[in-house]
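A.B. asks: The following block contains the structure, expressed as structure tokens.
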Amino acid sequence: MTTHLPRIKARLAIHSHRKVRGLLQGEYASTAVGRSMDLNDLREYVRGDDVRDIDWKASARGGQMLVKRFVATRKHTVLVVVSTGRSMAAVNEQLLPKRDLAVFVAGVVGWLAVRHGDLVGVAYGDAAACHVRPASGGELRLERSLGAVHDAITPHAAPADLAGLLEHVARVVRRRRTIMVVVCDEHGLDERTVAALGRARVQHEVLLVTLDDLDPTRRPVPGLTDVDQGAPLPDWLGGDARLRQDFVEAVATEAAGLKAQLARLGIPHERVADHETAVPAVFRLLERHRHARGR
Amino acid sequence: MLAVGLAALVVVLLLLWIRRPRSAYDGVLVAHTERLRALPRFRTLARREQLVAALATAGALGMVAGAILLSARPARPVVVEPDRNGRDIVLCLDVSGSMDRWNRQVVESFRQLLDGLNGERLGLTIYSGLSISVFPLTDDYDFVRSKLDEAEAAFSSEDYDYFVGTEAVEERASQTGDGIMSCLQRFDVEHDDRGRAVVLATDNDPLGQGIFTVEEAAGEARRDDVVVYGVGTPGMRPERATELADATATTGGFMSVVEDTGGVDDVVRGIQEIERDRLRPIPTGVEIDEPAVPFGIAVAGFVVLLGGALLGRRR
């Protein structure tokens with residue numbers, strides 16, 4: 001069932017004709033200077049440089065030995081980590097299934113990486129089981145990974161466990177310095193998650209995308225069901241203004257706390273609310289990552 | 001048996017309903033509700049909702065309990081003595097000339113008895129050759145009293161006008177059989193559950209040929225469940241007295257002859273006593289419905305349920 005990527009490509013195509021066209025060209029920065037076909041700049045020869053790198057013509061013109069420097073074509077590895085607990089089976093504020101959004105964000109990141117020629121690995125899991133699909137460059141492989149993520153998210157799944165998933169990734173993925181894009185729906189980070197993120201931050205470039213949740217007090221949606229308890233939510237939630245206000249305040253406090261925590265960790269973070277804002281959010285994230293690298 | 005079966009069925013259905021598979025994931029799913037549940041306001045509201053639900057449940061239970069109790073039709077056993085004064089007494093007075101004195105006494109003693117009456121109906125018929133209903137059966141004692149006064153006055157003064165209607169054209173007087181028959185017709189048919197008695201004052205000395213004999217009239221009285229009490233006079237002929245006594249005995253009554261010394265009063269009093277005893281009902285246990293308490297419970301339950309519903313709707 002190759003249905004995920006075509007959809008993502010279609011959306012990206014729409015976006016590429018909009019304001020973010022430029023971003024699509026650049027994508028994200030290389031992490032090191034190395035050997036490749038792309039000339040970066042020239043510098044003076046120092047002892048030990050490869051003789052093959054000497055730019056003879058430039059040296060002749062300049063009267064000094066110049067050596068070509070290249071942008072490394074070392075392939076990046078993008079590791080998309082999706083927390084697939086049952087909370088992902090719920091809907092977000094726009095009544096969109098968070099599952100679709102999570103798959104979409106993972107797909108956008110993965111597709112950008114695949115198009116860039118990088119390797120894409122997908123890790124997903126909940127409190128019960130974690131899976132890592134090793135990095136590879138294939139489009140089909142990415143499609144399958146997205147399908148696996150999609151299928152893993154059901155209301156009957158175990159609760160989400162981001163820390164456990166990150167720990168599992170740390171154990172299993174030997175590769176270092178990947179670009180790790182974490183897609184989750186956490187509202188606050190407990191100590192274990194902070195520790196896991198901190199460790200991941202040391203080993204990888206960590207980018208965090210969070211999905212928000214429906215505010216059950218905001219609007220009267222009939223038949224609201226708590227995905228954790230499998231029971232309907234009380235029908236009086238939408239009727240109390242004070243409850244609504246208290247909840248909004250609590251959510252705002254949590255969001256501020258999460259922001260502060262992630263800032264302390266140095267992890268760029270974007271909140272994704274729907275498919276339209278997802279693409280710009282991913283680009284912003286990659287942009288911040290690039291700027292962070294540039295410093 | 002049926003109740004036990006139904007109760008078991010209800011319990012089984014309840015268990016099935018409680019243990020039904022929860023396939024509640026078809027609604028709009030929401031995650032991370034623990035943030036909401038942790039809010040103090042949520043707890044307050046939840047407690048309030050629980051209270052309202054408990055109130056409504058209690059109300060509904062009360063209603064159901066009240067309805068069940070009501071359907072059981074609670075009753076209180078009570079021993080009641082039925083109305084023992086449900087009697088009809090027709091005074092049947094022979095107004096041939098010789099009877100005036102006795103009639104006056106009969107009327108007078110009945111007039112004295114009036115105060116003790118409660119619920120009995122009294123009627124007065126006089127006869128000789130023909131019969132006249134002076135007043136029909138009634139429990140309007142003021143009216144009865146006035147009529148009896150009138151009759152007593154007439155008997156005292158031998159007021160011919162009072163009796164003129166009883167004079168037959170042909171030679172006929174003191175027709176006891178006809179008198180009894182016409183007195184029997186004074187009872188109304190609808191109240192055949194009331195005790196019926198005729199107090200017949202006569203010397204049974206007919207003149208001429210009547211339509212009914214005393215025996216025929218007595219048979220008719222027995223058929224109608226009417227007890228005839230005879231009040232004879234001291235001067236009446238023995239065979240006439242026997243005839244009357246036999247006739248009254250057929251109906252279950254008796255005849256007493258008024259002694260010159262005793263007067264009618266004792267006789268009438270005796271008749272009253274005997275009638276009362278004859279009709280004394282056996283006290284029976286009946287069950288009086290007492291729906292007040294279960295009805296109150298049901299209504300209270302309904303009010304509580306309504307209150308709970310209104311409280312729940314008020315949001």
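A.B. asks: Hey, among A:G257, A:G223, A:G198, which residue is over 13 Å from the mean Cα position of the chain (by Cα), modelled with pLDDT under 90 and assigned by TED's automatic domain parsing to the domain that holds A:S83? Step through it out loud before you land on a result.
C.D. replies: On the way: A:G257 fails: modelled with pLDDT under 90; A:G198 fails: modelled with pLDDT under 90.
Matching residue, one of A:G257, A:G223, A:G198: A:G223.
A.B. asks: Being under 19 Å from B:D265 (Cα atoms) and in contact with a strand residue (DSSP E or B) (Cβ under 7 Å, 6 or more places away or on another chain): is that true of B:L122 here?
C.D. replies: Details: under 19 Å from B:D265 (Cα atoms): yes; in contact with a strand residue (DSSP E or B) (Cβ under 7 Å, 6 or more places away or on another chain): yes.
Answer is yes for this residue.
A.B. asks: Additional query: Restricting attention to region A:98-112, and to residues there that are in contact with a strand residue (DSSP E or B) (Cβ under 7 Å, 6 or more places away or on another chain) and either of a type in the set (K, R) or away from every other protein chain (no Cβ under 14 Å) (or both), which single residue is surrounded by the fewest Cβ atoms within 10 Å (Cβ to Cβ)? Outline the logic, then answer.
C.D. replies: Of region A:98-112, the ones in contact with a strand residue (DSSP E or B) (Cβ under 7 Å, 6 or more places away or on another chain) are A:98, A:101-102, A:105-106, A:109-110.
Retained after the next criterion (residues that are either of a type in the set (K, R) or away from every other protein chain (no Cβ under 14 Å) (or both)): A:98, A:105-106, A:109-110.
Numbers: A:K98: 24, A:V105: 26, A:A106: 28, A:V109: 26, A:G110: 29.
Checked region A:98-112; the qualifying residue surrounded by the fewest Cβ atoms within 10 Å (Cβ to Cβ) is A:K98.
A.B. asks: Just the residues that are in contact with a Lys or Arg (Cβ under 9 Å, 6 or more places away or on another chain) and small (G, A, S), please, taken from region A:254-277.
C.D. replies: Passing the criteria: A:A255, A:G266.
A.B. asks: Another question about this same structure. Restricting the search to region A:241-293, which residues are free of Cβ contacts under 8 Å to residues at least 60 places away in the same chain, surrounded by 15 or more Cβ atoms within 10 Å (Cβ to Cβ) and within 14 Å of chain B (Cβ to nearest Cβ)?
C.D. replies: Of everything in region A:241-293, those that are free of Cβ contacts under 8 Å to residues at least 60 places away in the same chain, surrounded by 15 or more Cβ atoms within 10 Å (Cβ to Cβ) and within 14 Å of chain B (Cβ to nearest Cβ) turn out to be A:L243, A:R244, A:D246, A:F247, A:A250.
A.B. asks: Another question, if that's okay. When you scan region B:210-217, do you find a residue that is surrounded by fewer than 22 Cβ atoms within 10 Å (Cβ to Cβ), under 33 Å from the mean Cα position of the chain (by Cα) and part of a helix (DSSP H, G or I), even just one?
C.D. replies: Scanning region B:210-217, I find at least one residue that is surrounded by fewer than 22 Cβ atoms within 10 Å (Cβ to Cβ), under 33 Å from the mean Cα position of the chain (by Cα) and part of a helix (DSSP H, G or I), so the answer is yes.
A.B. asks: Where residues in region B:150-169 are in contact with a strand residue (DSSP E or B) (Cβ under 7 Å, 6 or more places away or on another chain) and not hydrophobic (A, V, I, L, M, F, W, C), which of them is surrounded by the fewest Cβ atoms within 10 Å (Cβ to Cβ)?
C.D. replies: My answer is B:G165.
A.B. asks: Can you say whether B:T242 is within 28 Å of the chain's Cα centre (by Cα), modelled with pLDDT of 85 or more and in the same structural domain as B:M181 (by TED's automatic domain parsing), as far as the supplied structure shows?
C.D. replies: Details: within 28 Å of the chain's Cα centre (by Cα): no; modelled with pLDDT of 85 or more: yes; in the same structural domain as B:M181 (by TED's automatic domain parsing): yes.
Considered against the rule, which asks whether it is within 28 Å of the chain's Cα centre (by Cα), modelled with pLDDT of 85 or more and in the same structural domain as B:M181 (by TED's automatic domain parsing), B:T242 comes out as no.
A.B. asks: Which ones in region A:20-64 are at pLDDT below 50 and exposed (fewer than 10 other Cβ atoms within 10 Å of the Cβ)?
C.D. replies: Residues satisfying the conditions are A:G22, A:Q25, A:A32.
A.B. asks: Return the total of residues in region A:228-240 being more than 7 Å from chain B (Cβ to nearest Cβ), within 30 Å of A:A196 (Cβ to Cβ) and among the small types (G, A, S).
C.D. replies: The number of residues fulfilling the criteria is 0.
A.B. asks: Can you tell me how many residues in region A:228-244 are assigned to a helix (DSSP H, G or I) and either closer than 10 Å to B:V30 by Cα or of a type outside the set (A, V, I, L, M, F, W, C) (or both)?
C.D. replies: First, pick out the residues of region A:228-244 that are assigned to a helix (DSSP H, G or I): A:237-239, A:241-244.
Those left that are additionally either closer than 10 Å to B:V30 by Cα or of a type outside the set (A, V, I, L, M, F, W, C) (or both): A:238-239, A:242, A:244.
Total meeting the criteria: 4.
A.B. asks: Looking at region A:118-157, which of the residues that are within 14 Å of chain B (Cβ to nearest Cβ) and either among the basic types (K, R) or in contact with a strand residue (DSSP E or B) (Cβ under 9 Å, 6 or more places away or on another chain) (or both) is nearest to A:V182 (Cα to Cα)?
C.D. replies: Ranking the qualifying residues of region A:118-157, first place goes to A:D126.
A.B. asks: Let me ask something else about it. Just checking: which of the strands (runs of 3 or more DSSP E) contained wholly in region A:167-227 hold 1 or more residues that are in contact (Cβ under 8 Å) with a residue 60 or more places away in the chain and within 14 Å of chain B (Cβ to nearest Cβ)?
C.D. replies: Counting at least 1 such residues, we get A:179-184, A:205-211.
A.B. asks: Here's something else I'd like to know. Determine whether A:L95 is in a loop (DSSP other than H, G, I, E, B), in contact (Cβ under 8 Å) with a residue 24 or more places away in the chain and in the same structural domain as A:T193 (by TED's automatic domain parsing). It would help to see each step written out before you state the result.
C.D. replies: Working: in a loop (DSSP other than H, G, I, E, B): yes; in contact (Cβ under 8 Å) with a residue 24 or more places away in the chain: yes; in the same structural domain as A:T193 (by TED's automatic domain parsing): yes.
In short, yes.
The values are calculated or read from the model by the stated rules, or taken from the named source; none is laboratory data. This one's a predicted model, so the numbers in the text were calculated from it and none came from an experiment. Methodologically, a virtual Cβ is constructed for each residue, glycine included, from the backbone with ideal geometry; neighbour enumeration extends over all protein chains shown.
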